[in-house]
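Below: the structure, in structure tokens.
Coordinate-derived values only; no laboratory data. The structure presented is a predicted model; accordingly, all values stated were derived computationally and were not measured. We place every Cβ from the backbone using ideal geometry, glycine too, and count neighbours over all the protein chains shown.
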Amino acid sequence: MFDLIIRNANLPDSRKGIDIAVKDGKIAAIEASITAEAKEVIDATDRLVSPPFVDPHFHMDATLSLGLPRMNVSGTLLEGIALWGELRPIVTKEELVDRALRYCDLAVTQGLLFIRSHVDTSDPKLVTAEALLEVKDRVKPYIDLQLVAFPQDGYYRARDGVSSLERALDMGVDIVGGIPHFERTMDEGRASVEALCRIAADRGLPVDMHCDETDDPLSRHIETLAAETVRFGLQGRVAGSHLTSMHSMDNYYVSKLIPLMAEARINVIPNPLINIMLQGRHDTYPKRRGMTRVRELMDAGLNVSFGHDCVMDPWYSMGSGDMLEVGHMAIHVAQMAGIEDKKKIFDALTVNSAKTMGLEGYGLEKGCNADFVVLQAVDTLEALRLKPNRLAVIKRGKIVARSAPRIGELFLDGRPSKIDGGLDYVPGKKSR
């Protein structure tokens, strides 16, 4: 007897009418018409069952802090950094833990079960690292949380920035971060990339750098990051986040840069919501929107995944923890409205992001972990359009969140969205 069977599921790869059987937290079978019994059965009613959403770029230490100690009046990146600099010295570990746990509760309801969060290490007290390491341990039954040692004020620019980052890694933070474009000079930015990649190589850790989050076309630290990745043998273990300067670079230079990034197997993490909100602030018209060259990077074979980045914090007053909102925005900004384009966008919220985070056992194949989301949508295209309810969220074969179907949606197949057309879940109901 299986522990759980999800029946009548549509999968992201366009397979329909599929049953998914779960045993001991793993997918034991995934095929049409499984004739076996289970302790619990979910009828997906020909709706989409996806692997969970994955957010490879977030700032959990700042989340839900909107208005503390004041609002970002200009709405700019630099005022947001300054505002966080005012809050960071006075925030307590208890506050940080409380806000992060509240966000994690929200994330689970959205089917978001894997998050990589940057942890500001600029304050040598490292209260942020202490808090998020505690959160990581407390949420591990339902969220896999990775932490990046992130020198927000600059690895070299911040006083004690070098030693604070090392101490955060010694405490158990998982990944080496950086922000080379925020160092005092281009040369110090280059030197920080080299130093941080060396640390990662020596410690056997991945790298995830905020890189060239600027409209300046001459901010080219991604070139250095790709070169140092190859030099230190870190191929496939390095992520370049944001890369908004590529929006402003000339095409000839980019024609050299993208192959270099591909050689290094850089994981690319644009953040559509925040990138288009914060970039182009010095422009009148024409006005740049700042998101990196998503289509060109995907076409070159690079692994592109999308991050939410911020939710109700000094940089971004909006956000809902919904990765489909991120993908919805990416479709518009990247102008990727074709059918195959949208499928690639959905992958950037799931399998691509799982690759960026190095997740093992992720996916919808036999032997993978039994982690998935049942959505009130027929397929991935409809999910990106509607940003539908997550009817059930399953982690290692256990239901960790449920919601009622939403009414009043217009589905492509013409079916009305009625309450009785949603998820059929009966605890203890055995399959025939």
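Rounded to the nearest 0.05, what FRET efficiency do ARG231 and LYS366 give with R0 = 35 Å and r taken as the Cβ-Cβ distance? Could you check?
Result of the calculation: an efficiency of 0.35.
Specify whether the C-alpha gyration tensor of the chain places it in the rounded, prolate or oblate class, a ≥ b ≥ c being the square roots of the eigenvalues: rounded for a/c under 1.5, otherwise prolate if a/b is larger than b/c and oblate if not.
Prolate.
If neighbour count is taken as other Cβ atoms inside 10 Å, put ASP212, ASP123, ASP61, ASP341 in order from fewest to most.
ASP341, ASP123, ASP61, ASP212
With θ taken as phi - 60° and the coefficients 6.51, -1.76 and 1.60, list the Karplus ³J(HN,Hα) couplings across the range 269-276 in order, rounded to whole Hz; mark glycine and proline as x.
Residue by residue, the range 269-276 yields 10, x, 10, x, 4, 7, 4, 7 Hz.
Using a 10 Å cut-off on Cβ atoms, rank the peptides 188-199, 93-104 from the highest mean neighbour count down.
188-199, 93-104
Return the single residue from MET323, MET60, MET186 with maximal mean-square fluctuation; model: Gaussian network over the chain, springs between Cα atoms under 10 Å.
Largest GNM mean-square fluctuation: MET186.
Shape of the range 36-84 from its Cα gyration tensor (a ≥ b ≥ c, root eigenvalues): rounded if a/c is under 1.5, otherwise prolate when a/b > b/c, or oblate?
prolate
Got a sec? Which residues in the range 1-42 would a label at ARG402 touch, if it sits 7 Å along Cα→Cβ and we count backbone N under 15 Å?
Zone members listed by number: 4-7, 39-42.
Want the number for HIS332 to LYS125: 0.36 nm per residue separation, take away the alpha-carbon distance, what's left?
Once the chain is fully extended between HIS332 and LYS125, it gains 70.4 nm.
Applying a 10 Å radius around every beta-carbon, put 247-255, 398-406 in order of their mean neighbour count, most first.
Taking the mean over residues of other Cβ atoms within 10 Å, the ranking is 398-406, 247-255.
Where does helix 127-139 land angle-wise versus the long Cα axis of the chain, in degrees 0 to 90, nearest 10?
The helix 127-139 is inclined about 10 degrees to the chain.
In sequence order, what are the phi-derived ³J(HN,Hα) couplings for the range 55-66 according to the Karplus relation 6.51 cos²θ - 1.76 cosθ + 1.60 with θ = phi - 60°, rounded to whole Hz, with x for glycine and proline?
10, x, 8, 8, 10, 6, 5, 9, 4, 6, 9, 3
If I stretch the segment between ILE339 and TYR253 completely, what's the gain in nm (0.36 nm per residue apart, minus their alpha carbon distance), one decimal?
27.9 nm
Tell me the label-point distance for the pair ARG281, ASP170, using the 7 Å Cα-to-Cβ offset, in nm and rounded to one decimal.
According to this spin-label approximation, the distance is 3.6 nm.
Any idea how far apart ARG295 and SER74 come out in nm if each label point goes 7 Å out from Cα toward Cβ?
Modelled inter-label distance: 3.3 nm.
Any chance you could check the Cα centroid distance between the range 56-81 and the range 162-240 for me, in angstrom?
Spelled out, the Cα-based centre of one part sits 23 Å from the other.
Which whole-Hz couplings ³J(HN,Hα) result when phi for each residue of the range 354-364 is put into the Karplus expression 6.51 cos²θ - 1.76 cosθ + 1.60, θ = phi - 60°, listed in order with x for Gly and Pro?
With coefficients 6.51, -1.76 and 1.60, one gets 4, 5, 4, 7, x, 6, 9, x, 8, x, 10 Hz.
Once amide H atoms are placed 1.01 Å from N in the peptide plane, what residues at a sequence separation of 5 or more from LEU147, or on another chain, have their amide H within under 5 Å of its amide H?
Hits under the 5 Å cutoff: SER117, ASP174, ILE175.
What is the gain in length, in nm to one decimal, between LYS39 and ARG198 on full extension, counting 0.36 nm per residue of separation less the C-alpha to C-alpha distance?
Length gained between LYS39 and ARG198: 52.1 nm.
Listed highest first by mean packing, meaning other Cβ atoms within 10 Å per residue, what order do 21-30, 357-366 come in?
21-30, 357-366
List the relative contact order of the range 53-356 as a percent without decimals, with contacts defined as Cα pairs under 8 Å and 6+ residues apart.
So the answer I get is 20 percent.
Can you give the FRET efficiency to the nearest 0.05 for ARG102 and GLU188, using r as the Cβ-Cβ distance and R₀ = 51 Å?
In this case the efficiency is close to 0.85.
What is the magnitude of the charge dipole of the chain about its Cα centre, with +1 placed on the Cβ of each Lys and Arg, -1 on the Cβ of each Asp and Glu, and no other charges, expressed in debye to the nearest 20?
960
Would you mind checking which residues have amide H under 5 Å from HIS57's amide H? H placed 1.01 Å from N; only 5 or more apart, or other chain.
Answer set, sorted by chain and number: ARG116, HIS308, ASP309.
Calculate for the chain the 222 nm mean residue ellipticity that helices alone would give, adding -39,500 (n - 2.57) per DSSP H run of length 4 or more and normalising by residue count, nearest 500 deg cm²/dmol.
The per-residue figure over the chain is -10000 deg cm²/dmol.
With charges only on Cβ, +1 for K and R and -1 for D and E, what is the dipole size of the range 237-341 about its Cα centre, in debye, rounded to 20?
300
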